[in-house]
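Note sheet for the following structure.
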Amino acid sequence: MLRNPGVSRIIGSQLLARFAFGMMSLGFVIAIQRTYHSYTLAGIALGAETVGAAIAGPILAREIAKRGARQLIGATTVITSALLLLLALVTLHPVLVVLAGLGVGLSSPPIQASVRSIYPHLVSKNQQHRLFSLDATLQELIWIFGPVLATAIAAAVYPAATLIAMALIQILGSGIYLSNPEVVRYKPEPTGARLGGVLKNPAIFGLMISGGLLIGSFSGVEVGTVGILSTASAGWVLSVFSVGSLVGGFVIGPRAKSAKWMVWFQLLIFAGYLLSLINPQNPWWLALCWFIAGLGIAPALGLGSTLVSLSLGAGETGEAYGWIMTGQLVGYSVGAAIAGFVIDTVSGQAAIFVAVVFQIATIIATIAWLPSMPKMHPIDNTQSIPVLPDHH
């Protein structure tokens, strides 16, 4: 697959362009709390960023088809980076801090929507799922190393330096991504449908709902782990969650031959969650359970991206990915709020029940919308592989 022209460049550059998002949560909280001495302000600013990203996701993704990726991603990168530098270098009124956070979310460059619209044009149809699976797997690197880099910069330099680093990485990554000839040449046909029209497709609506519920379950895992274990233990235990996803993405993900595999991936995640309830106080047991659950994450996300690509025309996939990302952001925010509430009112272990409930809902939603999912192209490992992309 990687022998296809441009695939390696696109994958590497889009990971760098999105890397700053892996630093966002910790970067915001550390920098704003240390500067303004308020976790409340830091939390509100981060929440505003999340709301902004949820609102802007489908709108900006849709605009790619009208304005082109270079113009739109270039402009949003400048705005986002400028706001990050403003937060890092200038002491603002708390209201302006929240508004700046909202602005960062609203101007988040739609890298993910752009690259996933380009992927189907880089490989043959029978390789598309493998490429989406690889993308979903490698993005775990962002969530493994992003928080580590954010805390390392804050400790080695000063807290606000994390925001400066995020801005510089965003500029560098977007610049390299937009310089790829595949990005320059790709011009999807603008869709004539209204904003939100892609949600009339039951497959896209179902993927948005099930994806939001799945990501919502992660918040129960993360908040619950922090609430149960010590800070030192929680860090490495949660990292195993992403390690499991990496392994699952490489070993299990490419084997999916139909949309029905989504149910099996979701059941695997559910099994890990359920097993954790046996002895959640033991960090080694919890790490094993999160590894098992993690095995299904990248395969599920990769298969979801493949199904979006097969469900719509090229001009509509960008907006569809934007809506799915919005569903994921909403799901995580709702899940985190519920998990935090049950920790305060019940116990840390109760947050894991939140993950279990969200995952049960994910499985139900997946089964409910399964009949509307498109058929996948059969994978024949013995057939020849074209090395030139189709011309459209």
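Observations on the model:
- Enumeration of residues in the range 113-157 that are outside any helix (DSSP H, G or I) and not hydrophobic (A, V, I, L, M, F, W, C): 124, 139
- Among the residues of the range 96-115, those that are under 18 Å from residue 63 (Cα atoms) and over 12 Å from the mean Cα position of the chain (by Cα) comprise 103, 104, 105, 106, 107, 108, 109, 114, 115.
- Taking the listed residues 226, 183, the one that is in a helix (DSSP H, G or I) and modelled with pLDDT of 85 or more is 183, with no other qualifying.
- Boolean, residue 238 is outside the structural domain of residue 59 (by TED's automatic domain parsing), surrounded by 17 or more Cβ atoms within 10 Å (Cβ to Cβ), more than 20 Å from the chain's Cα centre (by Cα) and over 18 Å from residue 116 (Cβ atoms): no
- Test: residue in the range 121-132 that is under 16 Å from the mean Cα position of the chain (by Cα), buried (at least 22 other Cβ atoms within 10 Å of the Cβ) and not hydrophobic (A, V, I, L, M, F, W, C): no
- Which listed residue is in contact with a helix residue (DSSP H, G or I) (Cβ under 7 Å, 6 or more places away or on another chain) and either of a type in the set (D, E, K, R) or closer than 29 Å to residue 114 by Cβ (or both), from 233, 309: 309
- For the range 331-375, taking the residues that are surrounded by fewer than 18 Cβ atoms within 10 Å (Cβ to Cβ) and within 30 Å of residue 186 (Cβ to Cβ), the one that is modelled with the lowest pLDDT is identified as 375.
- Cβ-Cβ distances below 9 Å connect the following pairs, each with a first residue in the range 350-365 that is closer than 17 Å to residue 226 by Cα, a second residue that is modelled with pLDDT under 95 and outside any helix (DSSP H, G or I), and a separation of six or more residues or different chains: 352/277; 352/280; 353/277; 353/346; 356/277.
- When the criteria are applied in full, residue 78 meets the requirement of being out of contact with any helix residue (DSSP H, G or I) (no Cβ under 7 Å at 6 or more places or on another chain), part of a helix (DSSP H, G or I) and farther than 30 Å from residue 244 by Cβ.
- Candidate set: the range 44-88, residues that are of a type in the set (S, T, N, Q) and within 19 Å of residue 174 (Cα to Cα); chosen: the one surrounded by the most Cβ atoms within 10 Å (Cβ to Cβ): 77
- Condition check for residue 41: at pLDDT 90 or above and not acidic (Asp, Glu): no
- Scanning the range 296-319 for residues that are of a type in the set (A, V, I, L, M, F, W, C) and farther than 25 Å from residue 252 by Cα, we see that the one that is modelled with the lowest pLDDT is 314.
Matching residues to (1) at pLDDT below 90; (2) closer than 21 Å to residue 131 by Cβ; (3) buried (at least 19 other Cβ atoms within 10 Å of the Cβ); (4) touching a strand residue (DSSP E or B) at 6+ places or on another chain (Cβ under 6 Å):
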residue: 203; (1), (2), (3), (4): no, yes, yes, no
residue: 219; (1), (2), (3), (4): yes, no, yes, no
residue: 247; (1), (2), (3), (4): no, yes, no, no
residue: 256; (1), (2), (3), (4): yes, yes, yes, no
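The values are calculated or read from the model by the stated rules, or taken from the named source; none is laboratory data. Remember, predicted model here, so these are calculated numbers, not experimental data. Glycine also receives a Cβ, built like all others from the backbone with ideal geometry; neighbour counts cover every protein chain displayed.
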